[in-house]
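The values are calculated or read from the model by the stated rules, or taken from the named source; none is laboratory data. The model shown is predicted, which means the values in this text are computed figures rather than measured ones. Don't worry about glycine lacking a Cβ; one is built from the backbone with ideal geometry, like all the others, and counts go over all protein chains shown.
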Amino acid sequence: MAYLKFPKPEPRFKLKNHTRFIASLLVFLLMVTAVVVALGKRGETGDSEAASVVVTPFVPPPTPELTPPPIEIPAGKTMEKVKVVIDAGHGGDDPGTTSPYEDEFYEKEVTLDIALKVRDLLTEAGIDVVVTRDTDTRLANNQREDLMLRAQLANENSATLFVSIHVNAYDLKFKGARQVNGMEIYYLNKQPIYDGFNSEQFAGIMGKAIQTQNGIYNRGIIESDLSVLRNTKMPAVLVETAYITNQEDHDRLKSDEFRTNTAIGITEGIKQALDILEVFEYEGDLYVFKETGS
């Protein structure tokens with residue numbers, strides 16, 4: 001039997017460099033792996049972003065604003081803001097009393113200095129205050145009109161309390177005039193605007209408070225029909241701080257320490273009076289109850 005022999009086929013290509021082929025294959029496999037990893041991370045990031053969009057962060061509800069409870073106003077009363085009027089006596093071409101010991105030393109400068117000190121102390125304590133003057137002036141050239149305007153200013157401001165500051169003097173033509181010294185507080189009881197409190201009580205409180213602070217001799221309280229006391233509608237006092245005609249008192253009036261202590265005493269007297277009136281705070285301001293129609 002004869003067998004057919006087929007010639008051995010020739011290969012289509014021949015791998016000449018085995019090392020280069022293997023290296024190329026490894027590079028290709030690494031590239032494929034890198035692409036797969038990158039696609040996997042992208043998928044994870046996308047899921048995370050999607051989750052952040054879906055989940056709504058917790059936002060606490062806003063804190064409600066606290067509204068102060070309404071004030072119950074007693075029958076027959078009105079509720080008004082606390083305001084104190086401080087009156088520095090005289091001013092401008094009205095010097096007030098004059099010193100018999102020193103030229104150009106006048107009442108008007110002492111009263112203004114003390115009044116402004118009281119204003120600052122009251123303001124620091126959170127008490128609203130109005131001064132009738134804060135410079136060397138007067139409210140009117142006519143004395144009667146000037147005094148009326150001081151009282152009118154207090155009435156228009158619905159003042160809670162009124163304090164007028166002065167310096168006393170004794171007529172030197174009288175024997176022993178230079179020996180008269182000390183402080184006096186004047187008042188005039190009027191139609192009451194507060195339960196259980198009037199100008200006489202205010203005067204007593206004021207005299208003790210001032211004496212405690214500056215140590216001056218307290219000659220007591222005196223009822224008098226003075227213009228600023230008669231024409232003001234609220235409890236009012238007039239403080240005669242010292243006698244300029246007495247040498248010892250004169251030296252006090254020249255002293256900044258005495259003026260400061262007197263101002264502190266006046267301020268303390270006002271605070272004590274406000275405590276008796278049961279002043280209260282509402283929405284950041286001080287208020288007091290007054291009689292209706294006062």
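Computed values, structure above
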quantity: Any hit, the stretch 105-114, residues being out of contact with any Asp or Glu (no Cβ under 8 Å at 6 or more places or on another chain) and among the basic types (K, R); calculated: no
quantity: Residue that is surrounded by the most Cβ atoms within 10 Å (Cβ to Cβ), among those in the stretch 123-145 that are in a loop (DSSP other than H, G, I, E, B) and of a type in the set (A, V, I, L, M); calculated: I127
quantity: Of all residues making up the stretch 148-167, the number that are surrounded by fewer than 22 Cβ atoms within 10 Å (Cβ to Cβ) and either of a type outside the set (S, T, N, Q) or under 15 Å from V239 (Cβ atoms) (or both); calculated: 4
quantity: Cross-chain or 6+ apart pairs with Cβ under 8 Å, the stretch 222-233 first and of a type in the set (S, T, Y), then surrounded by 18 or more Cβ atoms within 10 Å (Cβ to Cβ) and in a loop (DSSP other than H, G, I, E, B); calculated: S224/L188; T232/A159
quantity: Cross-chain or 6+ apart pairs with Cβ under 9 Å, the stretch 104-118 first and over 18 Å from V85 (Cβ atoms), then assigned to a helix (DSSP H, G or I) and at pLDDT 95 or above; calculated: F105/H250; F105/L253; F105/K254; E107/L253; V110/L253; V110/K254; V110/R259
quantity: Selected residue (only one of E184, E200 is of a type in the set (D, E, K, R), out of contact with any helix residue (DSSP H, G or I) (no Cβ under 6 Å at 6 or more places or on another chain), in a strand (DSSP E or B) and modelled with pLDDT of 95 or more); calculated: E184
quantity: Flag if G293 is loosely packed, with under 14 Cβ neighbours inside 10 Å, modelled with pLDDT of 95 or more and more than 20 Å from G126 (Cβ to Cβ); calculated: no
